[in-house]
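Every number in this text was worked out from the coordinates using simple rules, so none of it is lab data. Since we're looking at a predicted model, the values are computed, not measured. Positions of Cβ are backbone-derived with ideal geometry, glycine not excepted, and every protein chain shown enters the neighbour counts.
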Amino acid sequence: MLKAKQIHFSHKNHTILKGVDVSLEYGEVLAIVGPNGAGKSTMINILANEIEISDQNKILFNDKNFKAWDFKELAFHKAKFSQSNSNDIPLLVKDVVLMGRYPYFNSAPGQSDWDIVFDAMDDFEILHLKDKEYNHLSGGEKQRVHLSRVFAQLKNETEFRLLFLDEPLNNLDVRNQYKVLKKVNQFSKGKNSAIVVLHDLNLAARYADKILLMKNGEVMSYGKPNEVFQQQIISDAYDFPCAICKHPITSDPMIVFGN
């Protein structure tokens with residue numbers, strides 16, 4: 001679905017990414033993890049075509065570079081949740097979520113658009129907030145509004161949809177963190193895929209099919225969770241001791257930091 005080869009990126013003479021390769025197949029969830037300053041957000045922004053690189057052919061989405069896509073058609077295939085969203089949007093909650101449906105209508109949304117908006121809000125348990133002002137919500141509620149928006153955008157019958165999520169779990173309690181990643185997994189069944197930046201390695205181990213571990217703009221390890229989440233690899237990546245054991249319920253790798 002998505003292939004990126006030898007991605008380099010610098011800003012103001014500061015090297016941020018150094019030759020990163022990524023390959024994402026249909027039906028996969030890829031988690032990008034690593035310490036602060038590793039280049040995770042820059043990487044996902046480049047993969048999502050929000051930061052342009054000089055050679056567009058180094059990134060192919062469904063065998064085409066992003067410039068070869070029709071702009072409107074691309075909106076049916078690709079959506080991105082950003083780490084930073086405006087805290088000041090003078091709209092009702094339902095109208096913020098409706099932004100995800102803008103590619104589907106010209107002057108006014110149809111009933112089907114509103115049905116999709118309300119279904120997405122219900123999925124993230126914010127339907128009761130639909131007529132509230134966005135600016136009056138808590139941080140966690142705003143997070144779920146924007147998650148509803150991107151899921152509403154990709155609600156269509158198109159094949160090969162790709163969802164980008166940059167730290168979608170910020171401000172969410174434990175229950176909602178699990179709920180979001182479960183939704184991402186459900187979305188990625190079949191011919192859809194997702195790329196998500198996460199800080200919680202144990203959640204990445206549970207919900208991701210592949211892990212891209214980054215440090216200082218480079219790939220430290222790339223593969224399945226049980227391949228990447230090894231004691232020496234993680235300790236070296238985070239410059240902090242850890243132990244790896246099996247999760248008592250799922251048998252996924254479980255990372256415990258500290259001596």
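Every residue in the range 66-113 that is of a type in the set (D, E) and either out of contact with any helix residue (DSSP H, G or I) (no Cβ under 7 Å at 6 or more places or on another chain) or crowded, with 16+ Cβ neighbours inside 10 Å (or both), please.
Matches in the range 66-113: D70, E73, D95, D113.
Please indicate, with yes or no, whether at least one residue in the range 210-231 is in contact with a helix residue (DSSP H, G or I) (Cβ under 8 Å, 6 or more places away or on another chain) and more than 30 Å from K18 (Cβ to Cβ).
Looking through the range 210-231, none of the residues is in contact with a helix residue (DSSP H, G or I) (Cβ under 8 Å, 6 or more places away or on another chain) and more than 30 Å from K18 (Cβ to Cβ).
Look through A237, A194 and report the one residue that is touching a Pro at 6+ places or on another chain (Cβ under 8 Å), crowded, with 20+ Cβ neighbours inside 10 Å, on the phi < 0 side of the Ramachandran plot and not charged (D, E, K, R).
A237
Given the criteria surrounded by 14 or more Cβ atoms within 10 Å (Cβ to Cβ) and under 20 Å from N176 (Cα atoms), does Q143 qualify?
Answer is yes for this residue.
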